[in-house]
Amino acid sequence: MRAVQVAFILIGVTALAYWFLAGPEEQVSQIPSKPNPAIVEVVIPETLSANAQIGKAAFEAVCASCHGVNAVGQLEVAPPLVHVLYEPSHHGDEAFQRAVANGVRAHHWPFGSMPPVEGLTRGDVQMIVAYVREMQRANGIEY
């Protein structure tokens, strides 16, 4: 019984030491406290469709903290979605649905894997994709 108590105390002390030594950047999620520099520059369309306007609001509320305002990405955080790698022929609309629902393993960028995003419905993601696609088209990324 005494060995179990000692083991729990050692685990607790180790966890506390890690917490203090790791620093705050290791203790929180990947969401930055302040925006990092954008990875790409984008042209903002003069108008957006009704669906893309809804998608923009959802994107700003949920996605922009990592993927940046206007989907420009953030250095050391997350990739830009207004980028040729996310053109519809390479990452179709369903890829965005799956990334939100299941997360996605890192494969194009060195940012690490994306965790699933809680609280978004398929309809929400469909509107976000409409926004991203219109941003892509405004920047020469076509089907």
Item to check | Residue in segment 61-68 that is modelled with pLDDT of 95 or more and either on the phi > 0 side of the Ramachandran plot or over 12 Å from the mean Cα position of the chain (by Cα) (or both) present | outcome: yes
Checklist outcome for this item: Residue hits (segment 105-143; basic (Lys, Arg) and within 16 Å of the chain's Cα centre (by Cα)) are 105
Checklist entry - If you scan segment 95-108, which residues turn out to be over 16 Å from residue 132 (Cβ atoms) and either out of contact with any strand residue (DSSP E or B) (no Cβ under 7 Å at 6 or more places or on another chain) or touching a residue at least 40 places away in the same chain (Cβ under 8 Å) (or both)? => result 101, 102, 105, 106, 107
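Quick check on segment 89-104: of everything there that is more than 12 Å from the chain's Cα centre (by Cα) and assigned to a loop (DSSP other than H, G, I, E, B), which residue is surrounded by the most Cβ atoms within 10 Å (Cβ to Cβ)? Full working, then the answer.
Taking segment 89-104 and keeping what is more than 12 Å from the chain's Cα centre (by Cα), we get 89-95, 97-98, 101-102.
After this cut, where a residue has to be assigned to a loop (DSSP other than H, G, I, E, B) as well, the list is 89-92.
Numbers: 89: 7, 90: 10, 91: 19, 92: 14.
Ranking the candidates gives 91 first.
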Checklist entry - In the list 68, 73, 92, which residue meets the criterion of being free of Cβ contacts under 8 Å to residues at least 40 places away in the same chain and touching a Pro at 6+ places or on another chain (Cβ under 6 Å)? => result 73
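The values are calculated or read from the model by the stated rules, or taken from the named source; none is laboratory data. Computed from a predicted structure; not experimentally measured. All Cβ positions, even for glycine, are placed from backbone atoms using ideal geometry, and neighbour counts span all protein chains on display.
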